[in-house]
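Some notes on the structure that comes next.
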Amino acid sequence: MSVPVPPLVVRRVLRDPLWPVLLGALALLLGLLALPLLVLEPWRRRNRALRLVRLAIAGIAADLGILLGCWWLWLRHPPWRRDPVAWREQHTALLDHRLTTVLQVAERTVGLQLRTDIPPVVARTPHPLLVLSRHIGSGDSLLVAYLVAHTFGRTPRVMLKRFLLWDAAADLLLNRLGSYFLPPRRVNVAERDRRLEAFARSLDAHDALILFPEGGNWSPRRHAASIEWAEQNGNPALQEWIRDHPRVLVPRAKGTQQMLEDSPDLVPVIIAHHGLDRTGSLGQIWRAVPLAHPVDVVVRVVDRPRSSDLEVVDLWLREHWSQIDRWAGELAAAVGEQPPPPSRLD
């Protein structure tokens, strides 16, 4: 059970001023940890620990930079003379700058190399985008946000779980960019639908709504659990689909369907990526660093489903996720990566 998020006034008055202190203490601890590593690690070929400590400190610095940047932008643009366009553009630029810095550090420390295949039409589309991405590996959500802000030139609008409001930087920045944090469970279904509809209708040509239809990061355990769930619910067709697609989870259509229905101008964009597959846990990250292969990203603008009926959207998503599974398998085979083992819960 997740810990309830404090009310807004508590977050602003108590949590936000303490956040830089907490980040500073964490960075200091990591810095002290790095001192003996500076002596020991140069004698080790892969220098894993030192690489990861440096990347973690860069992540902390980015989080702190976003928080301080948000405070500075509030001083520059007080509510009584705030230009909404400049407000959005400068917060998007703040996010872009900090994510770019983290990726540059990742290039130097863990060997991250991005190879992207992005058609120019993505940036030229005069409508809001619905970005539907594969969800696998550590940091892939940050990678997608970076692509949206830096390459697509759009403001990332994200649907997020509420516990992320515990992070002061994410709370401030993403709320100012108009992201949607899932409401508490006590909010009734009708009110949830009303808020989602208002969120969908607020999207404009400068925005890109980011969704991860799989609902969670791919892992062998989640893949096995989805097979078991399909079996327990008497759905052999779904069970077979999941078994036939070992590199993805079955996409959930409800959120995508509601966004397409409530925002008729949305242009769907599919993002498939490969190269972070073996970084889903701390153990996998340790074994993967430094990364041996580039991270490949393919972006495609696709046609909307023929209707916003839930079953139609469900089949439409599965067709695209089948292509992602096949593409990821081909890339994995090209670099000699073994296929995922048969999914088991035990």
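Where a number appears in this text, it was derived from the coordinates with a stated rule and is not lab data. Model, not experiment: these values are computed from the prediction. We place every Cβ from the backbone using ideal geometry, glycine too, and count neighbours over all the protein chains shown.
The table that follows gives values for the structure above.
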{"item": "For the stretch 214-346, radius of gyration divided by Kirkwood radius, i.e. Rg to Rh on alpha-carbons", "result": "0.99"}
{"item": "Sorted by Cβ density within 10 Å, fewest first, the residues 151, 279", "result": "151, 279"}
{"item": "Ordering of 204-212, 8-16, 285-293, 72-80 by burial proxy (mean other Cβ atoms within 10 Å per residue, highest first)", "result": "204-212, 285-293, 8-16, 72-80"}
{"item": "For residue 129, residues with placed amide H under 5 Å, excluding near neighbours", "result": "207, 208, 209, 267"}
{"item": "Cut-off 11 Å between beta-carbons: net charge of the residues surrounding residue 248, Lys and Arg +1, Asp and Glu -1", "result": "+1"}
{"item": "Over the stretch 131-214, relative contact order from alpha-carbon pairs under 8 Å, at least 6 apart, %", "result": "48"}
{"item": "Helical mean residue ellipticity (222 nm; -39500 (n - 2.57) per DSSP H run of 4+; nearest 500) of the chain", "result": "-16500 deg cm²/dmol"}
{"item": "Dipole of the chain, positive end: most advanced residue of 109, 57, 267 [Cβ charges, Cα centre]", "result": "57"}
{"item": "For residue 181, residues with placed amide H under 5 Å, excluding near neighbours", "result": "160"}
{"item": "For the chain, radius of gyration divided by Kirkwood radius, i.e. Rg to Rh on alpha-carbons", "result": "0.96"}
{"item": "Potential extension, residue 287-residue 252 segment - 0.36 nm per residue separation minus Cα distance", "result": "9.5 nm"}
{"item": "Cα-based equivalent ellipsoid of the stretch 150-229: semi-axis lengths in Å, sorted from largest, via gyration tensor", "result": "24, 18, 14"}
{"item": "Calculated FRET efficiency for the pair residue 201/residue 35, C-beta based, R₀ 45 Å, to 0.05", "result": "0.25"}
{"item": "Modelled FRET efficiency - R0 45 Å, residue 232 with residue 28, Cβ distances, 0.05 increments", "result": "0.40"}
{"item": "Alpha-carbon spread of the stretch 16-174, three principal axes, descending order, Å", "result": "54, 41, 26"}
{"item": "Helix runs (DSSP H) in the chain reaching 27 Å along axis by Cα, Kyte-Doolittle at least 1.0", "result": "16-40, 48-76"}
{"item": "Residue order, fewest to most beta carbons within 10 Å, for 330, 197", "result": "330, 197"}
{"item": "Trypsin sites (Lys or Arg not before Pro) restricted to the stretch 156-202 and DSSP loop, no more than 12 other C-beta within 10 Å", "result": "161, 185, 186"}
{"item": "Gain on full stretching of the segment that runs from residue 56 to residue 330 - 0.36 nm per residue minus C-alpha separation", "result": "95.5 nm"}
{"item": "Percent antiparallel among DSSP beta bridges (both partners in the chain, rounded to 5)", "result": "25"}
{"item": "Integer Hz, Karplus 6.51/-1.76/1.60 couplings in order for the stretch 145-155, x for Gly and Pro", "result": "4, 4, 4, 5, 6, 8, 9, 7, x, 10, 7"}
{"item": "Two-site label geometry, residue 300 and residue 224: point separation in nm, points 7 Å out along Cα→Cβ", "result": "3.2"}
{"item": "3J(HN,Hα) from dihedral phi, the stretch 206-219, Karplus parametrisation 6.51/-1.76/1.60, rounded to Hz, x for glycine, proline", "result": "8, 9, 9, 7, 9, 10, 10, x, 5, x, x, 5, 4, 8"}
{"item": "Taking 256, 116 and counting other C-beta atoms within 10 Å, the order from fewest to most", "result": "116, 256"}
{"item": "5 angstrom amide H check on residue 115, placed H, neighbours 5+ away", "result": "295, 296, 297"}
